[in-house]
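Take a look at the structure below.
The values are calculated or read from the model by the stated rules, or taken from the named source; none is laboratory data. What you see is a predicted model; the values in this text were computed from it and never measured. Note: ideal-geometry Cβ built from the backbone for every residue, glycine included; neighbour counts use all protein chains shown.
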Ligand code: FES
């Protein structure tokens, strides 16, 4: 019985086994896989040159901001996600200094903070340019041209892989997962603002304008801000742009609603005993005795 070529079958497309550590295997020898970060995953937080501590004046300013954020929550640790945006606004990505700061504020260990931060793709582990350009290459956008847009932009910007930044520090390019804007596929995001119905040409024009320092306005929303300014808004501080939050839903988003109305469709009336909101709980729902 022949031994299956496990090295090849476990490798990536085209049999590329550079990441398997088994290239010198003789027939019949076991395959040893080296586990580590995925080839296209952003780098580690403990990167060379990453900030390890904040100067006193920065620490004082961050502490003041953090006090405002924490005051919105019943427990300090509930503020961890906006606090991570706050330190990302300071450094452009998560550094050991930022992780340590958050850990002290919410009374968790740095490892616990890291466990949370690395779960969410909006927290970056590599330095970020002024504009984080994310091309959706999830299923629908991919079939509508997202892969082609990403490949074209990478070539146009001269970037090697996801997460790389142009030499002028203006644009970081990455792939993003579905942004719940499939009705406008293929979608590109810049600093989390939507650019709908993109083509390679349109996407190139956006990044060229950003690199030239022009004001760029997304399909929906106010003109773009730089990544760190956006991170500060995500930390919960006011958005200074007029009309930033007043964009109504677009026409394709309302198509289902129009169809439902034209067919006289309605959502079923809530049952008398069913919970009516997420705030209802077994503790607050009426008991059988109270209902009678
Ligand atoms: S697949 Fe791209 S927004 Fe949904």
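Quick notes on this structure:
- Selection count, region 230-252, where residues are surrounded by 16 or more Cβ atoms within 10 Å (Cβ to Cβ) and at pLDDT below 95: 1
- Of the strands (runs of 3 or more DSSP E) entirely within region 137-217, those holding at least 1 residues that are more than 16 Å from the ligand (Cβ to nearest atom) and in contact with a helix residue (DSSP H, G or I) (Cβ under 9 Å, 6 or more places away or on another chain) occupy 171-176.
- Residues in region 123-160 that are surrounded by 22 or more Cβ atoms within 10 Å (Cβ to Cβ) and farther than 21 Å from residue 227 by Cβ: 141, 146.
- Every pair of residues 6+ apart whose Cβ atoms lie under 6 Å, when the first sits in region 143-155 and is free of Cβ contacts under 8 Å to residues at least 60 places away in the same chain and under 25 Å from residue 167 (Cβ atoms) while the second is assigned to a helix (DSSP H, G or I) and within 15 Å of the ligand (Cβ to nearest atom): 149/203; 153/203
- Odd one out for residue 106, checked against (1) more than 16 Å from the ligand (Cβ to nearest atom); (2) in contact with a helix residue (DSSP H, G or I) (Cβ under 6 Å, 6 or more places away or on another chain); (3) not assigned by TED's automatic domain parsing to the domain that holds residue 92: (3)
- So residue 210, is it in contact with a strand residue (DSSP E or B) (Cβ under 9 Å, 6 or more places away or on another chain), within 30 Å of residue 92 (Cβ to Cβ) and modelled with pLDDT of 80 or more: yes
- So residue 227, is it touching a helix residue (DSSP H, G or I) at 6+ places or on another chain (Cβ under 8 Å) and either surrounded by 17 or more Cβ atoms within 10 Å (Cβ to Cβ) or in contact (Cβ under 8 Å) with a residue 12 or more places away in the chain (or both): no
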